[in-house]
Structures are given as C-alpha cells and as structure tokens.
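Throughout, read-outs are computed from the coordinates displayed, never taken from laboratory work. Bear in mind that the values here come from a model prediction, so they are computed numbers and not experimental data. No Cβ is skipped: glycine too gets one built from the backbone with ideal geometry, and neighbour counts run over all protein chains shown.
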Amino acid sequence: MIIKIILLVAVAIALFNILVFINQPNMLFYPYRQLDATPADWGMQYEDVVITTSDGMRLHGWYLPAANAKKVVLFFHGNAGNISHRSDSLAIFHSLGINVFIIDYRGYGKSEGSVTEQGLYLDAMAAWDYLTGTRLFKPDDIVIFGRSLGGAVATTLAGKVQPHALIIESTFSSTRDMANLMMPLLSRVIIMRYAFDTERAIKSVNVPVLVMHSRDDEIIPFELGKKVYEAANESKTFYLLVGGHNDGFIKSMPGYRYRLKTFLESS
C-alpha cells in the first residue's frame, strides 16, 4: 500500500510538471501583435527600424532621436503588450533630451518568431549591435533600461557588454524566486522552463546601476527587487517607487523623472 501511494504521488507530480511545463510560456509571456499607435501619435519624431538577430529573426523597433543628444537609452519592455504601449516611458526619456531605441522581442508586435528566453537575449544583443555598429554609438554612450521582465533581459546584456549605465525597474531576482513566493510548496517540485536569473547576471555588471521598485508592487514582490539591488556591485543606487507594478513610475512623478535625470547626469 505504501509503495502504491508513493507511485501515485510520483505520477501526480510528473503529470503536474508536464502540465505546468507546457503552459509556462502562456504563464510568463503575453505578446500583442497589433501596434495601437506610433510615436508620431504622441508628438515625437521616430524612425522605423528592422534589425536581424544572429539566428536570423527580423525584429521591429523605433529609434527616437533627440536634438544634440550624445547618449541613447536602449529600452527593453515588460512581458505584455508591445512597443506601442510604452508612450509614457518614451515621453519621459524624450523630455530628458536623450535618444531612445526600443525594440519588440521576437513574437511581439511586428517582430518575427516566437518568444523564448535565449531568444530574448539574442534580441537584446542584436539591438546593442545595431546601436554600436549601425548608429556608431560607443558603449559608454549607451544606457540600458529594462522594466519588469525587461529588467532581466537588460541586466543579462549589460553584464556582457558593459554600457555606460544600467537602469532596472520593477524586476525580479529569478523565476525560481518568483515561484517560491507564489507557490511555496509546489515550487519545490516544479521544473522551471525559464531562469531569467537577474540576481546572478547583475554580479557581472561593473557600471553604475539604478534599481527602482515599489513596496506596493502587486505582481513582483518588493523583496525580489531589493534582492537584485543587494547583489549588484558598486556603484549602485536604489530608488523607492510608489504605486503598483504597471503604474508605479507614473505615480512616482515628478520624483521619478528627477531621479532618472540626476542618475544619467552623475553616472
């Protein structure tokens, strides 16, 4: 009887793992194909850009120039929507007088393919190569920015290329840490399909880092943002946001914009 119970439990765990493993992409990624607007609709000049990754995926993005700006922000968005849903953030950086390059990951917007973790890292490197190879920006003139899932993508890239600075907002330390908080018991038997280990990646970043997170974040717990900050090398700065996961940066205005401005000027 004991052996039968053990076997039944093992089978149940295996079936549960199979179900979760298959559904993990739908649990983590929420891509949206249609572009609802362009920067022109928001009163900003822009250029449509198409880049090709090392594995042959064609990605779509926007380059927003700022007059006489020497630096550029390489922007990586979160796990839902696409670049047409980032008007507020693009407007903030535009008001700071800095160039911005934002891309849609594979499977998002007009970009080809379907999303994978390794694919996102290839997408990020392709965006970096475009700025340094086509736009001829020096690494020290590029600031990498990532929000939510984009924070993991941004940090992984920054650890490889060492830009001028790294800004990560409302991101998590790893998908394993997220699972441990959301499902304390079940997470012990779940096989994780994705790592997105921001805590590990940030240890390879040796440029100024700004980490921002809200205690009221209802999606990514504050403690995971602090964990990323604590793992970062010096010099690093932490800025406490207010508000929820998706509106924290808006509710934190004008302090949010001022913090970005001072960090960009001092880093």
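One table, with the values for the structure above:
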| quantity | calculated |
| --- | --- |
| For the chain, built as a Gaussian network whose Cα springs stay under 10 Å, the top-fluctuating residue of T171, T132, T53 | T132 |
| Net charge of Cβ neighbours under 11 Å - reference W62; Lys, Arg +1; Asp, Glu -1 | -1 |
| Dipole magnitude of region 108-221 about its Cα centre (Cβ charges: Lys, Arg +1; Asp, Glu -1), debye to nearest 20 | 220 |
| Per-residue Cβ neighbour rank within 10 angstrom, fewest leading, L96, L7 | L7, L96 |
| Under 5 Å, built H, 5+ apart or other chain: amide partners of F76 | F145, G146, R147 |
| Whether the chain is rounded, prolate or oblate, judged on the alpha carbon gyration tensor where a/c under 1.5 counts as rounded | prolate |
| On Cα atoms only, tilt of 255-266 relative to the major axis of the chain in degrees | 70 |
| Sparsely packed trypsin sites (Lys or Arg not before Pro) within region 174-267, loop by DSSP, other Cβ within 10 Å at most 14 | K203, R215 |
| Candidates A154, A40, A91, ranked by Gaussian network fluctuation over the chain, Cα under 10 Å, top entry | A40 |
| Ranked list, fewest to most other Cβ atoms within 10 Å of each Cβ, for H94, H85 | H85, H94 |
| Length-normalised contact order of region 193-233 in % [C-alpha pairs under 8 Å, at least 6 apart] | 53 |
| Cα-based equivalent ellipsoid of region 110-229: semi-axis lengths in Å, sorted from largest, via gyration tensor | 27, 17, 11 |
| Shape of region 4-148, Cα gyration tensor, a/c cut at 1.5 | prolate |
| For the chain: relative contact order, % (alpha-carbon pairs under 8 angstrom, 6 or more apart) | 14 |
| Point-charge dipole on Cβ atoms (K/R +1, D/E -1) for the chain, about Cα centre, debye to 20 | 400 |
| Lysine pairs in the chain with Cα atoms under 21 Å, if 8 or more residues apart or on separate chains | 19 |
| Cleavage-rule hits (GluC sites (Glu not before Pro)) in region 164-249: DSSP loop, at most 12 neighbouring Cβ within 10 angstrom | E218, E234 |
